[in-house]
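The values are calculated or read from the model by the stated rules, or taken from the named source; none is laboratory data. As the structure is a prediction and not an experimental result, all values here were calculated from the model. Here the Cβ positions follow ideal geometry from the backbone for every residue, glycine too, while neighbour counts run over all protein chains shown.
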Amino acid sequence: MQKRNLEVCLTPALLHLHDFTNSIVVVIDIFRATSSICYGIENGAVAIIPVATVEECESYRDSDFLLAAERNGEVVDGFDFGNSPFSYVQEKVAGKTIVLTTTNGTHAINMSRGASKIVIGSFLNISALCTWLKTQPNDVLLLCSGWKGKVNLEDTLFAGGVVHHLKDDNYALDDASIASEDLYKLAKGDLGLYLKKTSHSERLKKLGIEEDIAFCLKLDITTSIPVLDGERLVKMV
């Protein structure tokens, strides 16, 4: 059996260097967009519509959708909520469609259009995601959303965790995958302790939302895999 390629793109700024037309792209934004998307879909959200700009999110104002907008770690004034996972609990999102724009994660999702399939990854669903990926014939590109075009540790670390789960299943790794896995092996004994040094965790701490950080590092509390279907992220069936 021919090996599938397993690659890591450390930031969307490097995405143009990858040919992902026939690949499954896994979008990663651990603090906090993809964690919240996974949690919201698990908790019964009908769909989450990722949009690039606050203005596009605002354009849904006359719908019955929930509107979520985050910039620089904070909820944009006038919107229902941002991208804290605690806003995506069952009592708030079950049966609802959410329109979401964030600083990094939704940007990465929209840049990935053209892939064979786009799915959402987080520590919350890492085992379910990896189990599913192993069944797919496609190459895999793990796209780290980063921070405003720059590399960040938390997304790279998660990508390394996926590589660690998949690498023995007939994948050919690129150098970024190898480096990401090395980082994951260094940190996996205590993810929270290692990630205390990250720049984004420092930003979130200044906003007083350390609980979000701890929640986004929980392992396997969801089994849903959000997948992009047209303009909407829905639960894979």
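Against the test of being small (Gly, Ala, Ser) and either touching a helix residue (DSSP H, G or I) at 6+ places or on another chain (Cβ under 6 Å) or closer than 21 Å to LEU14 by Cβ (or both), the options ALA159, ALA94, ALA128, ALA68 yield a single qualifying residue, ALA159. The condition of being in contact (Cβ under 8 Å) with a residue 12 or more places away in the chain and closer than 14 Å to SER35 by Cα holds for only one of LEU142, LEU124, LEU166, LEU133, that being LEU124.
If you take the residues of the range 130-175 that are polar (S, T, N, Q) and under 24 Å from HIS16 (Cα atoms), which of them is nearest to the chain's Cα centre (by Cα)?
Residue satisfying both the conditions and the ranking: SER145.
Considering the range 1-104, the qualifying helices (runs of 4 or more DSSP H), each wholly inside and each with 1 or more residues that are in contact (Cβ under 8 Å) with a residue 12 or more places away in the chain, exposed (fewer than 14 other Cβ atoms within 10 Å of the Cβ) and not small (Gly, Ala, Ser), run over 90-93. Selection within the range 76-106: residues that are touching a strand residue (DSSP E or B) at 6+ places or on another chain (Cβ under 6 Å) and among the aliphatic types (A, V, I, L, M). The member of this set that is farthest from LEU228 (Cα to Cα) is VAL76.
Looking at the structure I just gave you, is LEU141 part of a strand (DSSP E or B) and of a type outside the set (D, E, K, R)? Against the criterion (part of a strand (DSSP E or B) and of a type outside the set (D, E, K, R)), LEU141 qualifies. What are the residues in the range 179-216 that are closer than 18 Å to GLY146 by Cα and among the β-branched types (Val, Ile, Thr), if any? Correct list: THR198, ILE213.
With the condition kept exactly as written, say whether any residue in the range 24-37 is of a type in the set (Val, Ile, Thr) and farther than 21 Å from LEU153 by Cα. Within the range 24-37 (the criterion being of a type in the set (Val, Ile, Thr) and farther than 21 Å from LEU153 by Cα), the answer is yes, since at least one residue qualifies.
If you go through the range 1-54 and keep only what is under 17 Å from GLY149 (Cα atoms) and out of contact with any helix residue (DSSP H, G or I) (no Cβ under 8 Å at 6 or more places or on another chain), you end up with THR11, ALA13, LEU14, HIS16, LEU17, HIS18, THR53. Count of the range 75-129 residues, restricted to those that are over 22 Å from ILE221 (Cα atoms) and among the acidic types (Asp, Glu), is 2. Filtering the range 73-82 for residues that are under 16 Å from the mean Cα position of the chain (by Cα) and either at pLDDT 95 or above or farther than 26 Å from PRO12 by Cα (or both) leaves an empty set.
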